[in-house]
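Read the figures in this text as sums done on the coordinates, not as results from a lab. Computed from a predicted structure; not experimentally measured. Note: ideal-geometry Cβ built from the backbone for every residue, glycine included; neighbour counts use all protein chains shown.
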Amino acid sequence: MPHVETLPVPLRTIHVMGVAGTAMAALAGMLKDAGFSVTGSDQKVYPPMSDYLASLQIRVMEGYKASNLDHLPDLVVVGNVVRAVYEEAASLTAGPIPYMSFPEVLGHLFLAQAHSVVVAGTHGKTTTTAISAWLLESAGYNPGFLIGGLARNFDRTARAGGGETFVIEGDEYDTAFFDKGPKFLHYRPKTVLLTSVEFDHADIYTDLDHVKQSFRSLLQLIPHTGLLIARGDDPNVASLLGEARCRVETYGPGQMWDGRIDGVDPVTGKMTFSVTRSGEPVLTARSSLVGPHNLYNQVAATAMGIARGVPAAVLAAGFETFQGIKRRQEVIGEPGTVTVIDDFAHHPTAVKVTIEALRLRFGKRRLWVVWEPRSATSRRSVFQEAYAEAFDGADQVVIARPFDAGSLPTGDRFDADRLVTDLAGRGIDAVAMATADEIAQTVGVRAHPMDVVAIFSNGGFDGLHGKLLRLLDLRFGPTA
């Protein structure tokens with residue numbers, strides 16, 4: 001049966017292909033909450049998603065085999081990780097089972113009647129979505145949400161909610177093998193938070209203009225009664241504002257909505273910050289989100305909260321109780337006072353601002369950065385020069401060999417050894433290593449008490465986090 005644009009009737013059983021992706025797992029949980037019988041398929045599933053799906057009691061079939069569809073579900077939801085050549089996908093397109101993309105199902109079942117707040121941009125989407133959802137939750141709004149990460153205040157990455165607002169992370173990546181448009185075009189936006197626009201996803205976008213065209217299309221979807229909250233000091237964002245036919249409010253240095261960092265407590269790791277609107281004070285709050293980039297993520301969330309009618313004092317209380325996000329400056333252990341941090345940073349801008357935030361948070365403590373070029377863009381040479389400037393502020397840098405480099409033409413591959421040479425030229429002690437075991441052994445031996453070791457990867461990094469913690473535990477005693 002071909003791809004369908006309306007939900008089949010009856011609809012009782014749903015199978016999710018690519019279920020272990022963060023967004024797909026979130027959708028699977030929402031579908032189960034809505035009363036559907038849900039199964040899924042994926043490959044090489046690792047924590048935290050494997051644990052999350054197990055907690056939902058969703059059966060996950062290993063690999064994309066045709067037999068995964070033998071139970072004939074009423075609908076299959078296809079994730080964008082799935083390729084048409086996969087055995088399960090080929091069986092699906094040749095068979096009788098109707099299928100849709102994840103964004104289409106989300107739009108039909110959960111967004112059609114909601115005030116959809118779409119958080120979009122190259123950087124800051126997950127953090128801004130999570131804090132926005134928590135601000136509305138702590139205000140009693142009971143929002144629906146879908147977050148591209150695990151926010152500690154919630155027991156899941158998505159839920160339908162019971163209020164009129166749904167906060168969703170708007171991904172510019174393509175929708176599915178049968179729909180190459182960006183996911184966020186299916187999200188029926190009423191309010192859009194646009195954090196940044198840069199070139200990324202080199203596997204699907206050709207250049208910055210191609211990326212901007214997707215965001216241009218998103219802004220054109222906002223109704224005239226809607227609202228665009230945009231990072232006005234970003235020239236790429238500013239160049240798109242004319243596409244919106246709704247009210248536009250800008251944020252950032254010198255914009256309508258602005259903010260400042262008042263201080264960072266090195267003991268609690270919390271940042272005190274203030275927000276202004278047109279130069280007038282709005283609120284002062286404390287938050288676990290640290291760094292200039294997180295300041296403006298929280299300024300954007302404040303603007304959204306005020307627009308949705310939340311009092312400033314309630315927003316300030318919400319910031320205070322926000323517990324952070326897994327894999328975003330997440331402290332995963334402190335054996336022997338060595339602080340080990342897990343972070344998702346992979347784009348050069350994300351690497352740079354995360355290191356700046358860690359330096360602000362931990363002061364003069366020696367900072368290790370261990371980075372895996374794993375994403376479709378970071379494994380390519382497109383940002384080779386940009387990465388040379390991204391690690392300023394780190395004391396020790398360990399670069400892993402690019403993940404699955406053999407799948408790319410030689411001339412297109414990121415060169416770890418070249419980056420090491422470039423970093424040395426900037427006075428940074430750097431080394432390239434081939435395996436997670438080698439990295440764990442090296443850092444595990446060389447790390448000193450009070451060092452900070454930040455591991456940057458958008459994947460599992462071959463279990464490096466656990467390997468390093470075990471070695472440090474052997475040296476210094478159990479993780480704090």
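Remarks
- Three principal axis extents describe the C-alpha atoms of the stretch 239-320; from largest down they are 46, 26, 19 Å.
- Note on residue 37 and residue 307: with the Förster distance fixed at 35 Å, the Cβ-Cβ geometry gives a FRET efficiency of about 0.35.
- Point-to-point label distance, residue 6-residue 441, nm (Cα→Cβ direction, 7 Å offset): 6.3 nm
- Pairs spanning more than 27 Å between alpha-carbon atoms, out of 212/364; 212/352; 32/125; 32/212: 212/364; 32/212.
- Formal net charge of residues neighbouring residue 251 (Cβ-Cβ distance under 11 Å; K, R +1; D, E -1): -2
- Dividing the alpha-carbon radius of gyration of the stretch 113-321 by the rule-of-thumb value 2.2 N^0.38 Å gives 0.97.
- Mean ellipticity per residue at 222 nm, deg cm²/dmol - from DSSP H runs of n ≥ 4 across the chain, formula -39500 (n - 2.57): -9000 deg cm²/dmol
- Averaging the sequence gap over all C-alpha pairs within less than 8 Å and six or more residues apart, then dividing by the number of residues, gives the chain a relative contact order of 11 percent.
- Taking θ as phi - 60° and the Karplus parameters 6.51, -1.76 and 1.60, the scalar couplings of the stretch 234-249 work out to 7, x, 5, 5, 4, 5, 9, 4, x, 6, 7, 9, 10, 5, 10, 10 Hz in sequence order, x denoting glycine and proline.
- Here the average projected area of the convex hull drawn through the C-alpha atoms of the stretch 1-157 stands at 9.5 nm².
- Taking 7 Å steps out from each Cα toward its Cβ at residue 142 and residue 384 produces label points 5.6 nm apart.
- Net length gained if the chain between residue 54 and residue 112 were fully extended (0.36 nm per residue, minus Cα distance): 18.0 nm
- In percent, rounded to a whole number, the relative contact order of the stretch 113-321 is 19, using alpha-carbon pairs under 8 Å and six or more apart.
- For the stretch 113-321, with +1 on Lys and Arg beta carbons and -1 on Asp and Glu, the positive-most of 167, 126, 210 along the dipole: 167
- Debye equation applied to the C-alpha atoms of the stretch 146-199, log10 I(q)/I(0) at 0.17 Å⁻¹: -0.70
- Alpha-carbon Debye profile of the stretch 252-399, log10 I(q)/I(0) at 0.09, 0.15, 0.18, 0.20 Å⁻¹: -0.33, -0.84, -1.08, -1.21
- Cα-projected label distance for residue 62 with residue 84, points at 7 Å along beta-carbon direction, nm: 3.0 nm
- The gain in end-to-end length when the residue 94 to residue 153 segment is fully stretched comes to 17.0 nm, 0.36 nm per residue minus the alpha carbon separation.
- Based on the Stokes-Einstein relation at 10 °C and a viscosity of 1.306 mPa s, and on the Kirkwood radius from alpha carbon pairs, the chain is assigned a translational diffusion coefficient of 69 µm²/s.
- Kirkwood-based Rg to Rh ratio, the stretch 40-118, C-alpha trace: 1.00
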